[in-house]
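The values are calculated or read from the model by the stated rules, or taken from the named source; none is laboratory data. All of these numbers come straight from a predicted model, not from anything done at the bench. As a convention, Cβ positions derive from the backbone with ideal geometry for all residues, glycine included, and neighbour counts pool all protein chains shown. The protein model used for the area step is the full one, side chains on, heavy atoms only, and it has no ligands, DNA or RNA in it. Shrake-Rupley method; radii C 1.70, N 1.55, O 1.52, S 1.80 Å.
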Amino acid sequence: LARDMVDDRFTVALTYNNRPRQPKVEAVVVMLRGVAIEVGVDNKVKVNNQDTELPFFMGSVSAVRHHSVIRVQDAEWITVEVDNVRNIYSVQLSGWYHGRTAGLLGTYDNEDSNDLTVKGGDVSEDVEAVANWWEVANRYCRSRNLAWDGDVAEDSEQVLACRKHLSDSASYYVPCFQQVDAEEFVRVCVEYLNSGLSEEEAQCKAGQQYRYMCAHKGLTLGTAPMCVKCDVSGNTLSSGESTKVTNASLSADVVMVVEESDCNAWAQQSLPNVVTH
């Protein structure tokens, strides 16, 4: 995805499964200062290939969890956020890296004309060739392009359904229209439909990602009501609905809160021994 091409201070990569017909992301790998942090789609974290509990700190490198987001950071230089619930991967760089990076995420120099850069600094118009160039798999691995790249008529049912949810004047996301172009996410929604998701799943997934971009522009939106679901005793409830549970199971959750400070560093190793199943 991205790499410091001058001093090799960081590399960010995605790993996929070995199913050619059903490729899925398995993990995000972030390499910083000799430390390789791998965040799996199940939110399990490995550091230098060893299972590790969060939070993790080593010098200026850290990995912490905030709600559904796992944030890997090197002080103020680079921040990588992994949200496996919403399938969002974010890489934020310090301005110090201006013009020093390359990869599928571009060259970070405010020039979109050279983002599709390959070997020797050449720029290619072939997106698939660029993707193949930045592949870091074993040289004996065969890869092929399974991405949907078709054209859909503007008046097709798919586009109209996605547009109604995301960019229509009555859309839940109207407050953010001036900050983030919702039409770009209509395309994302259509791609999800073509990948096999249901209409509601595609709308909600694209909407969650649109919310994420809005938050980065300083506008916080809650989840659209139609996308709020809760399973209770075999029944699926939507936002605003309620039910009465008469035969609730007897159980309790115990939450241990530990402040992330140097004096509590011992807790990282001790808590797994204190809490047992």
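Some notes on this structure:
- Length released on extending from Met226 to Asp126, taking residue separation times 0.36 nm less the Cα-Cα span: 32.1 nm
- In the chain, helical runs assigned H by DSSP with n ≥ 4 each contribute -39500 (n - 2.57); averaged across all residues and rounded to the nearest 500, the mean residue ellipticity at 222 nm is -6000 deg cm²/dmol.
- Heavy atoms of the protein chains alone define the surface here; on that basis the chain has 67 Å² accessible area per residue at 1.4 Å probe size.
- Near Val41, once Lys and Arg are set to +1 and Asp and Glu to -1 for all other residues with Cβ below 14 Å from its Cβ, the sum equals +1.
- For Trp96, the shell of other residues with beta-carbons less than 12 Å away shows a net charge of -2, using +1 for Lys and Arg and -1 for Asp and Glu.
- Measuring only protein heavy atoms, the 1.4 Å probe finds Trp266 accessible over about 150 Å².
- If R0 equals 45 Å, the separation of the Cβ atoms of Thr236 and Val6 corresponds to a calculated FRET efficiency of about 0.30.
- Asn48 paired with Val118, simple spin-label distance in nm, labels 7 Å along Cα-to-beta-carbon: 3.7
- Alpha-carbon centroid distance for the pair region 195-250 / region 163-182, whole angstrom: 18
- Residues Arg187, Arg71, ordered by accessible area of protein heavy atoms at a 1.4 angstrom probe radius and largest first, appear as Arg187, Arg71.
- Val174-Ser156 pseudo-label distance in nm [points 7 Å out on the Cα-to-Cβ vector]: 2.9
- For Val186, neighbours were defined as the other residues whose beta-carbon sits under 11 Å from its Cβ, and their charges (Lys and Arg +1, Asp and Glu -1) total -3.
- Computed over region 155-205, relative contact order equals 37 percent, with contacts defined as Cα pairs under 8 Å that lie 6+ residues apart.
- Each Cα pair under 8 Å and six or more residues apart adds its sequence gap; the mean of these over the residue count of the chain is a relative contact order of 9 percent.
- Flagged links, alpha-carbon separation over 22 Å, of Lys24/Lys44; Lys205/Lys229; Lys24/Lys217; Lys24/Lys46: Lys24/Lys217
- The length gained by stretching the chain between Met58 and Lys164 to full extension, at 0.36 nm per residue less their Cα-Cα distance, is 33.4 nm.
- Cα-based shape type of the chain, given that a ≥ b ≥ c are square roots of the gyration tensor eigenvalues and the cut on a/c is 1.5: oblate
- Loop GluC sites (Glu not before Pro), region 148-238 (other Cβ atoms within 10 Å of the site Cβ: 11 or fewer; DSSP): Glu154
- Taking 0.36 nm per residue of separation and subtracting the current Cα-Cα distance, fully stretching the chain between Ser94 and Arg19 would add 23.4 nm.
- Most fluctuating residue given options Cys263, Cys162, Cys204, as computed from a GNM of the chain linking Cα atoms under 10 Å: Cys263
- Distance between the 7 Å Cα→Cβ label points at Ser198 and Ala75: 5.0 nm.
- Choice from Leu104, Leu32, Leu221 with maximal GNM fluctuation in the chain (Cα, 10 Å cutoff): Leu221
- Rounded Å value of the spacing that divides the Cα centres of region 78-114 and region 1-17: 10
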